[in-house]
Structure formats: structure tokens, C-alpha cells
Amino acid sequence: MLDATTRSGGTATATPRAAATELVVPVPLSVPLLAASAPAPEPEPGPVGPFARCSRMLRSPWARFALLIALLAAAATSVLLFEPQKLLADGWPPQLGGVTAALVFTVAYGLCTVAFVPRPLLNLAGGALFGSQLGIGAALAGTVLGAGLAFGLGRFLGQDALRPLLRGRLLQAADDQLSRHGLRSMLATRLFPGVPFWAANYCAAVSRMGWLPFLIATALGSVPNTAAYVVAGSSASSPTSPLFLISMACIALPALAGAALAWRKRHHLRAK
């Protein structure tokens, strides 16, 4: 340090310049900071093809229910146009026979039940075309196939839309019965005719009944009625034969028992 003498004779210490200029070094911006400040890229538009539009539409429960109604209306219209009841009069195509014809009949049986063709007519046709043994097997397989198809359509296309509408006392009671006791309830429905085949299928689909109990109850409960109609169809050429009369009795007795049971339940509900 340098010493200097002031005018008053005092000694003062000369200091260097107090204000030293700081050196500012520019710091380059990091890559994440640049990425954050940059505008985000716009998302690429998704596929706009017909498959994508259909998949978006099917997410709506009411859109699926509308599709179910359209499919059932188309099936009913096809029945009116093609008249499958002519099968009894015209017979099966002559180029098919044996097990192959029975397999084709089974598939046609299942599709026809979804299209609201009455099962008694199809069972009579199975007996007339294939006899008792092969006719019963083909008719039972077609019954389970048609019930499974209807149950799947109702479960996938109609359950989500219709379940919120089950608010009435009778509707809730039927839903609770099918959901909790599906096997025995469906078994009783198949054994005692009264509820149409297609109506039982779609009611079970709207409930919480499982697939396996539904199919098992349909297969077991449809045996007596199906066998009676098939035997009646196979012996229709001799209406006075004991076999035909027994089959007609097996058809009439479950119908009378079902009507009596429905009448009894009707008075029971009215008493409540």
C-alpha cells in the first residue's frame, strides 16, 4: 500500500478501487429447459377408418342395444321372406344325408331359433327328416347352439342398456331369481313350457346369470320337450300309433303343469 500525507498532516491509507467489476459468464440453456420452453407437438390424429368409428360407437350401451334390435328385426324379416316352415313339406336337400345333413340341420336350427322360428316346428322337422335318434341329437345340439347365440347377443349388446331399467317389482324379482338361482330357475323354465324360448334366452342374458349354468340348464331341461316333438315328427305318418300318442301326451302334460304352476303363482302374488 502507498501512504500519502493529507493537508491536515494526517496520514491516510490509499485503497484500491473498491468497485471491481464482476465477470459475468453466460450459461448456456440446458436441453430440458429448451424442451420445456418449446411448444408441445400436437398429438397425431387416431385412425378414422370405418372399423375405428364402429368401435367408438359400440362403446355406448344404447348404440349396442340399437344394433341388437336391428339384428333381431333383420332376423325376423328373413324368416318372413324365406319361410323356413317349408322344410317340413319340401324336405332336406337331397345331396345331403346322414351325419352331414344332421350337422347342417343343427347349425340351421340354432340360427332359426335366434330368428324367432318356433322350436316345436324345428323339432317336428328333425324327427321327420332324421328319425327319432339322430333327430333328437341334432335338435338338442341346435337348441343349445341357438340359446348360446341369443345369450351372447343379449349379454354383449343389451345388458348394459337394459339393467338400469329393471325397477319394477316383478322385473327385479325375476332378475334376482335368475341371478341367484340361475340353474334351477332356467331348468324349470325349460321343463315347463310357457315362456317363449327366445324370451327366456334374452331375460337370462340381461340378468347376472353365468354362461355355464345357463347352457347346462338349457341342455338338461330341453330334453323331454324336444324328444317328445321329435318322436311325434318321426311317427306323424301313423297318428294312431302308440308311439305318436305317447309323444303327444308328453307334450301336453308339461304344458298343463306349467299353466297350473303359473296360475298358482298368480294367486300367490295377488295375495301379497
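Tabulated values for the structure
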quantity: Residue ID - nearest to Leu72 (Cα to Cα), chosen from residues in segment 186-198 that are open to solvent by 20 Å² or more (accessible area, probe 1.4 Å) and of a type in the set (A, V, I, L, M, F, W, C); calculated: Trp198
quantity: Of all residues in segment 199-235 being in a loop (DSSP other than H, G, I, E, B) and open to solvent by 20 Å² or more (accessible area, probe 1.4 Å), the one that is modelled with the highest pLDDT; calculated: Gly210
quantity: Number of the exception - Leu140 against (1) in contact with a Lys or Arg (Cβ under 9 Å, 6 or more places away or on another chain); (2) closer than 25 Å to Leu253 by Cβ; calculated: (1)
quantity: Of residues in segment 187-208 being aliphatic (A, V, I, L, M) and out of contact with any Ser or Thr (no Cβ under 6 Å at 6 or more places or on another chain), the one nearest to Cys112 (Cα to Cα); calculated: Ala199
quantity: Filter result (over 21 Å from the mean Cα position of the chain (by Cα) and more than 18 Å from Ala139 (Cα to Cα)) within segment 193-230; calculated: Gly194
quantity: Residue within segment 212-222 that is closer than 21 Å to Ala259 by Cα and of a type in the set (A, V, I, L, M, F, W, C) present; calculated: yes
quantity: Residue match in segment 128-151 (condition: among the small types (Gly, Ala, Ser) and open to solvent by 50 Å² or more (accessible area, probe 1.4 Å)); calculated: yes
quantity: Pairs, first more than 20 Å from Leu256 (Cα to Cα) in segment 170-190, second of a type in the set (D, E, K, R) and at pLDDT 80 or above, C-beta under 9 Å, six or more apart; calculated: Asp175/Arg208; Leu178/Arg208; Ser179/Arg208; Arg180/Arg208; Gly182/Arg208
quantity: Given (1) over 11 Å from Met209 (Cβ atoms); (2) modelled with pLDDT of 90 or more; (3) open to solvent by less than 50 Å² (accessible area, probe 1.4 Å), index of the condition Gly168 fails; calculated: (2)
quantity: Residue match in segment 112-129 (condition: assigned to a helix (DSSP H, G or I) and under 17 Å from the mean Cα position of the chain (by Cα)); calculated: yes
quantity: Candidate set from segment 87-110 (those that are assigned to a helix (DSSP H, G or I) and buried (at least 17 other Cβ atoms within 10 Å of the Cβ)); member that is modelled with the lowest pLDDT; calculated: Leu87
quantity: Residue check for Ser238: part of a helix (DSSP H, G or I), of a type in the set (S, T, N, Q) and at pLDDT 80 or above; calculated: no
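The values are calculated or read from the model by the stated rules, or taken from the named source; none is laboratory data. Treat the numbers as computed from the prediction; the structure is a model and nothing was measured. Positions of Cβ are backbone-derived with ideal geometry, glycine not excepted, and every protein chain shown enters the neighbour counts. Ligands, DNA and RNA are excluded from the accessible area calculation, which covers all protein heavy atoms including side chains. Shrake-Rupley method; radii C 1.70, N 1.55, O 1.52, S 1.80 Å.
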